[in-house]
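K.L.:
Okay, handing you the structure first.
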Ligand code: AMP
Ligand code: MG
């Protein structure tokens, strides 16, 4: 039997934290791919994973001897409305592995069959959304943004029934943990203060060990989660990422991006951009994400109130102080990132206005978010390449007015032109997983069992800053008739 070297800690928490059960076997497991780099980081042998024995485990048809599969209990606010019980309805935590870097990670099967938390769901996942999560999470890792990873994808040989019958699949997901804001809410809403405390202690051990030494460890934990969420959402904005379902059950306290559903990247810059077909009111639109992340950590603070102080009023005061840290933390990460995107190493008070001016010109002129910044790198080194940036604006002169002010500002910054260009190209991706190409790659795999486009795209987006000849097609925004306006979570 294949050995993962599981070393489980979540299962030491009381029974009410999870349901213990095995995955439901599938008809005919088939390998889509193993993520060799992630396997190695975890100290796993990619060849063993790709063997029939390994594939059986990844499909849920065999359970390694040292695994102790559980479905985690959690609650969550979905689009602002509280569900007291969600939980892993189609996922199982196989166990935890301590990787070569010494970090503990969860290995989870997603799409592994029904659990006590499935409600009316079938516990399964369709191939398209599995590939989508694989592709986008690996792209996020390529940007250097905290994220869960994809260790493997397998097909089940069984259909799943959504609007139509679709091929089924299982994703093996790797995460720093699967503790969500909604996990705290689950126990808090049951007034189970003991469980909230146990969960907080567990989270401190796993994610914020330094908090143990703080004057108030629970406060330090809350501050840690708030800081991670604030930084994460800033990183999303800096690459044009729209998560799409920022429910509290999809907010990981580790600070990793988790639960890729109808997520997508913006092409033309517009802060109101929404792709998700179910987000009718635009609650999770691009520019709303910082406010929503703050809303989500406010729900965490509420759930943790009994831990912050014995008296409610005092606890609320502490929670407010912690939450006040979100804005400055977000702002520092966002503004700092934008400064780097336009090539600045130094900071001046007027930088914000300069950047805002660029963004509003981009919005008014439907400039492609990714390409505008990428092309600015060349323009920073050589104004002769301005034509490239200008071409991104419907009215190219909108760029000229800004570029003059920008160059004046660059003149007060350090570094040579070539250093600046290299620094900018290291933060402004040439490639993002463009929606129209994502859809094309998934369609080829799902409808024609052709994984070529998926593999090709994966190779592009996992090295997003390295511009390579022959990949021009991946850098280009969609033509008007290629534009994808709606994405579906496909659950
Ligand atoms: P999500 O929108 O994917 O974050 O899922 C929200 C909740 O619905 C979680 O509790 C999931 O486990 C559950 N869920 C989603 N899809 C299914 C499914 N096909 N079967 C059972 N539960 C599901
Ligand atoms: Mg979820």
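The values are calculated or read from the model by the stated rules, or taken from the named source; none is laboratory data. Owing to the predicted nature of the structure, the values given are computational and were not obtained by experimental measurement. Virtual Cβ from ideal backbone geometry, glycine too; neighbours counted across all protein chains shown.
Residue-wise test of (1) more than 16 Å from ligand 2 (Cβ to nearest atom); (2) outside the structural domain of residue 426 (by TED's automatic domain parsing); (3) touching a residue at least 60 places away in the same chain (Cβ under 8 Å).
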| residue | (1), (2), (3) |
| --- | --- |
| 191 | yes, yes, no |
| 199 | yes, yes, yes |
| 210 | yes, yes, no |
| 228 | yes, yes, yes |
| 236 | yes, yes, yes |
| 240 | yes, yes, yes |
| 249 | no, yes, yes |
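K.L.:
Now, a different point. I'd like to know if segment 235-252 contains one or more residues that are in a loop (DSSP other than H, G, I, E, B), away from ligand 1 (no atom under 13 Å from the Cβ), in contact with a helix residue (DSSP H, G or I) (Cβ under 9 Å, 6 or more places away or on another chain) and closer than 25 Å to residue 435 by Cα.
P.N.:
yes
Every residue, every condition in (1) part of a helix (DSSP H, G or I); (2) out of contact with any helix residue (DSSP H, G or I) (no Cβ under 8 Å at 6 or more places or on another chain); (3) on the phi > 0 side of the Ramachandran plot; (4) buried (at least 19 other Cβ atoms within 10 Å of the Cβ), yes or no:
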| site | (1), (2), (3), (4) |
| --- | --- |
| 19 | no, yes, no, no |
| 26 | no, no, no, yes |
| 31 | no, no, no, no |
| 40 | yes, no, no, no |
| 54 | yes, no, no, yes |
| 64 | no, no, no, yes |
| 74 | no, no, no, yes |
| 77 | no, no, no, yes |
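K.L.:
Next question. Test residue 293 against the stated conditions and say whether it is over 24 Å from residue 251 (Cα atoms), modelled with pLDDT of 95 or more, assigned by TED's automatic domain parsing to the domain that holds residue 216 and assigned to a helix (DSSP H, G or I).
P.N.:
Working: over 24 Å from residue 251 (Cα atoms): no; modelled with pLDDT of 95 or more: yes; assigned by TED's automatic domain parsing to the domain that holds residue 216: yes; assigned to a helix (DSSP H, G or I): yes.
Judged against the criteria, residue 293 is not a match.
K.L.:
Filter segment 264-295 down to the residues that are crowded, with 21+ Cβ neighbours inside 10 Å, within 16 Å of ligand 2 (Cβ to nearest atom) and closer than 21 Å to residue 363 by Cα and list them by number.
P.N.:
Hits for segment 264-295 are 276, 284.
K.L.:
Additional query: Tell me which of these residue 439 doesn't satisfy, since it passes every other one: (1) assigned to a helix (DSSP H, G or I); (2) within 25 Å of residue 139 (Cα to Cα); (3) touching a residue at least 60 places away in the same chain (Cβ under 8 Å).
P.N.:
(3)
K.L.:
Looking only at segment 42-52, count every residue that is farther than 22 Å from residue 126 by Cα and either touching a strand residue (DSSP E or B) at 6+ places or on another chain (Cβ under 6 Å) or assigned to a helix (DSSP H, G or I) (or both) and tell me the total.
P.N.:
Adding up the residues that qualify gives 4.
K.L.:
To continue, here is another question. So for segment 137-159 (the condition being out of contact with any strand residue (DSSP E or B) (no Cβ under 7 Å at 6 or more places or on another chain), surrounded by fewer than 24 Cβ atoms within 10 Å (Cβ to Cβ) and on the phi > 0 side of the Ramachandran plot), does at least one residue qualify?
P.N.:
Looking through segment 137-159, at least one residue is out of contact with any strand residue (DSSP E or B) (no Cβ under 7 Å at 6 or more places or on another chain), surrounded by fewer than 24 Cβ atoms within 10 Å (Cβ to Cβ) and on the phi > 0 side of the Ramachandran plot.
K.L.:
Could you tell me whether any residue of segment 63-72 is within 13 Å of ligand 2 (Cβ to nearest atom) and modelled with pLDDT of 95 or more?
P.N.:
The answer is yes, given that some residue of segment 63-72 is within 13 Å of ligand 2 (Cβ to nearest atom) and modelled with pLDDT of 95 or more.
K.L.:
Which of the residues that make up segment 457-472 are assigned to a helix (DSSP H, G or I) and under 23 Å from residue 133 (Cβ atoms)?
P.N.:
Once the filter is applied, which keeps residues that are assigned to a helix (DSSP H, G or I) and under 23 Å from residue 133 (Cβ atoms), segment 457-472 yields 457, 458, 459, 460, 461.
K.L.:
Listed residues 91, 59; which is crowded, with 16+ Cβ neighbours inside 10 Å, touching a strand residue (DSSP E or B) at 6+ places or on another chain (Cβ under 6 Å) and either closer than 28 Å to residue 299 by Cα or at pLDDT below 95 (or both)?
P.N.:
Only one candidate qualifies: 91.
K.L.:
Being under 24 Å from residue 465 (Cα atoms) and in a helix (DSSP H, G or I) narrows it down to one residue among 376, 344; which is it?
P.N.:
376
K.L.:
Could you tell me whether segment 162-175 includes any residue that is surrounded by 21 or more Cβ atoms within 10 Å (Cβ to Cβ), farther than 16 Å from residue 71 by Cβ, in contact (Cβ under 8 Å) with a residue 60 or more places away in the chain and more than 13 Å from ligand 1 (Cβ to nearest atom)?
P.N.:
yes
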